[in-house]
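To start, the structure itself, in structure tokens.
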Amino acid sequence: MMRVTILGSGTNLHPTRAAAGYLVRTDQTLLFDFGPRTLTNLLKTGVDRHAITHILFSHFHADHCSDFLTFFFDAQIVTKYQGGTRGPLTVIGPHGTERLFRTLFETLPGFTEPRFAVRFKEVSDRPFKIGDTTIRPRTVTHSPDLHCLGYRVEYGGKAVAYSGDSEYCENLVRLCGDADAAILDCSYPANRPGPVHLHAGQCGQVAREAAATRLILSHFYPLAERYDVTAQAAEEFGGRITKASDLMTIRL
Ligand SMILES: [Zn+2]
Ligand SMILES: [Zn+2]
């Protein structure tokens, strides 16, 4: 069985939701994105944060990565002064991951002497395995000059796709092809679309074109709260639609 817990369904600044973060439990405990306030929600799940072996980033806008700083600094303190232990950590992400993290680990106080092995891995559109879990990253279209990945996770005959941040694009439809669940960037309501993200109607369109079983709407800008985004997506997609909330768990 695969379990996906939504650690954050909002964006950078949102009055009630944490920003992007998804805990995926298969034979592994994986974290996809680590935006502001998601670390606090991770603690609420009861999952041991030191048991996370891999963190996979879609891209490095702050709403997807800023809690990594808090997470890593805490891990350093816990292992140095509080008798804690943890195994290696692998950080996976798009082009630019190595340069960004090498800079951090060369310059940020508290990061320059990691107390456990830390590896960085840049990925693009090739699948790879972590244990028995298959990860299929796919480049999606988001901001110009920024490599952004969506991720598809396959385990035990089930597949979940996570868009990262994306506009409507062919690769996003491919990423979600026949997925049991597609978790999509629903920044905007359909009647108030904006740049570099999907709106609710496009989320429905992607789910329909991909023949996904279930659509999970997430990554809401505060503007999206003022409209019925589920109904807007349902005009395009006849399958089950869920509006994400923080700490919701989806079992596949
Ligand atoms: Zn972004
Ligand atoms: Zn975002």
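FYI, it's all coordinate maths here, none of it is from the lab. Small disclaimer: the values here were computed from a predicted structure and weren't measured. For neighbour counting, all protein chains shown are included, and Cβ atoms are generated from backbone atoms with ideal geometry for every residue, glycine included.
Can you tell me the orientation of helix 97-107 relative to the chain, as the angle in degrees between its alpha-carbon axis and the longest Cα principal axis, to the nearest 10?
40 degrees
Work out the length of the dipole vector of the chain about its Cα centre, built from +1 on the beta-carbon of each Lys and Arg and -1 on the beta-carbon of each Asp and Glu, and round it to the nearest 20 debye.
Numbers: 27 positive and 26 negative charges, 128 e Å.
Once rounded to the nearest 20, the dipole reads 620 debye.
Would you be so kind as to identify which of TYR221, ALA181, ILE130 lies farthest towards the positive end of the dipole of the chain, taking Lys and Arg as +1 and Asp and Glu as -1 on Cβ and the Cα centre as origin?
ILE130
Rounded to the nearest Å, what's the spacing between the alpha carbon centres of region 102-152 and region 210-252? Just the number, please.
Going from one Cα centre to the other spans 26 Å.
Only bridges with both residues in the chain count here: give the DSSP antiparallel percent, nearest 5.
Working: 28 of 51 bridges.
Bridges in the chain that DSSP calls antiparallel: roughly 55 percent.
So what is log10(I(q)/I(0)) for region 3-251 at q = 0.11, 0.12, 0.18 1/Å, when the Debye sum runs over its Cα atoms only?
Rounded to two decimals, the profile gives -0.53, -0.63, -1.42.
Find the relative contact order for the chain and round it to a whole percent, using C-alpha pairs within less than 8 Å whose residues are 6+ positions apart.
Details: 637 pairs, mean separation 44.2, N = 252.
Across the chain, relative contact order equals 18 percent.
Return the long-range amide H neighbours of GLY8 (sequence gap of 5 or more, or a different chain), with a cut-off of under 5 Å between placed amide H atoms.
GLY21, LEU247
What nm distance separates the two modelled labels at ASP228 and THR29, each placed 7 Å from Cα along Cα→Cβ?
4.0 nm
List the lysines whose alpha-carbon lies under 17 Å from that of LYS121, not counting same-chain residues fewer than 8 positions away?
Correct list for LYS121: LYS129.
So how do 218-225, 197-204 stack up, highest first, on mean other-Cβ count within 10 Å?
On the way: 218-225: 20.6, 197-204: 27.0.
Going by the mean number of other Cβ atoms within 10 Å, highest first, we get 197-204, 218-225.
Please express the Cα-Cα pair-distance distribution P(r) of region 30-157 as a list of whole percents, one per 10 Å bin, running from 0 to the bin with the greatest distance.
For region 30-157, the pair-distance distribution reads 11, 43, 36, 9, 1.
Give the cross-link partners of LYS243 among the lysines, using a straight C-alpha distance below 27 Å as the criterion and excluding same-chain residues fewer than 8 apart.
LYS44, LYS158
Multiply the residue separation of GLU170 and PHE128 by 0.36 nm, subtract the distance between their alpha-carbon atoms, and state the gained length in nm to one decimal.
Details: separation 42, 0.36 × 42 = 15.12 nm, distance 2.14 nm.
Net length gain for the segment: 13.0 nm.
I'd like the per residue volume of the convex hull spanned by the Cα atoms of region 107-232, given in cubic angstrom. Write out the running numbers ahead of the final one.
Values: hull volume 18.3 nm³, N = 126.
Expressed per residue, the convex hull around the Cα atoms of region 107-232 is 145 Å³.
For region 28-90 and region 162-181, what is the separation of their Cα centres, given in Å?
With region 28-90 and region 162-181 each reduced to a Cα centre, they are spaced 25 Å.
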